[in-house]
Every structure is written in C-alpha cells, then in structure tokens.
Amino acid sequence: MELTLLTVPACPHAAQFEERLAAALAGHPDVVVQRREIADEQEAAETGMHGSPTLLIDGVDPFAAPGQPPSLSCRLYRDGTGHTARTPSVEALRQVLAAPGDA
C-alpha cells in the first residue's frame with residue numbers, strides 16, 4: 001500500500017491530519033507515508049488533490065466525492081454525523097486504510 005499526503009505550504013490542518021494518520025497506522029511500522037507539497041492548480045490536478053490535506057492510497061483519494069474537482073483550497077471533511085471537520089477521524093482513516101487489503 002502506497003500512502004501519499006498532499007498539502008499546500010503552511011496548511012493549517014496538516015499537523016492534525018498527520019497525528020490522526022499516525023494513530024490510525026499504529027501497529028503498522030512497515031507503512032511509509034510520502035509527503036508532497038503542492039504548489040499550483042496544475043500540480044493539484046495532476047496528483048488528484050481535492051484540497052489540503054489530501055491522502056492518496058495507491059494514488060486514489062478515498063474521501064473524494066465522485067466528480068469532485070481538484071483544488072488547492074483548505075479541505076473540510078464530514079464526520080459520521082455529517083458535521084464538518086478539519087480532518088477525518090482516526091476511525092475513518094482506519095476504515096479507508098483497511099479497505100484496499102479487504103477488497
């Protein structure tokens with residue numbers, strides 16, 4: 001499994017996302033997360049970034065809505081109750097990380 005965290009420079013949500021991702025990956029020391037800063041709209045489109053931060057699992061954003069356009073904006077996520085959140089919960093991250101291996 002290849003994980004890539006895409007962010008814009010000085011993303012205010014990146015640190016919290018990384019903390020939650022680390023918690024979701026606890027017990028999986030072999031997993032490496034690549035980090036990449038995205039500088040412009042073209043790069044966002046080329047990488048599949050849907051706002052900052054974006055997690056790609058094997059090149060796919062598991063949190064993107066179908067047809068969601070690429071974006072350099074700050075990204076908001078929906079929690080289990082439909083409220084907006086700065087990052088996905090640890091549980092939501094665990095679920096998307098488990099999905100590729102379960103499929």
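The values are calculated or read from the model by the stated rules, or taken from the named source; none is laboratory data. Just so it is clear, the model here is predicted, and its values are computed rather than measured. Here the Cβ is made from the backbone with ideal geometry for all residues, glycine too, and neighbour counts use every protein chain on show. Heavy atoms of the whole protein, side chains included, go into the accessibility calculation; ligands, DNA and RNA do not. Shrake-Rupley method; radii C 1.70, N 1.55, O 1.52, S 1.80 Å.
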With a 10 Å radius around each residue's Cβ, average the other Cβ atoms per peptide and rank 50-59, 32-41, 15-24, highest first.
50-59, 15-24, 32-41
When you count, for each residue, the other Cβ atoms within 10 Å and take the mean per peptide, how do 3-9, 75-81 rank with the highest first?
3-9, 75-81
Send over a whole-number figure in Å² for the accessible area per residue of region 1-78, probe 1.4 Å.
56 Å²
Could you tell me what percent of the DSSP beta bridges with both partners in the chain are antiparallel, to the nearest 5?
50 percent
For the chain the mean separation of alpha carbon contacts under 8 Å (6+ apart) over residue count, i.e. relative contact order in percent, is 33 percent
Calculate what fraction, in whole %, of the accessible area of the chain sits on carbon and sulfur atoms when a 1.4 Å probe is rolled over the protein chains.
52 percent
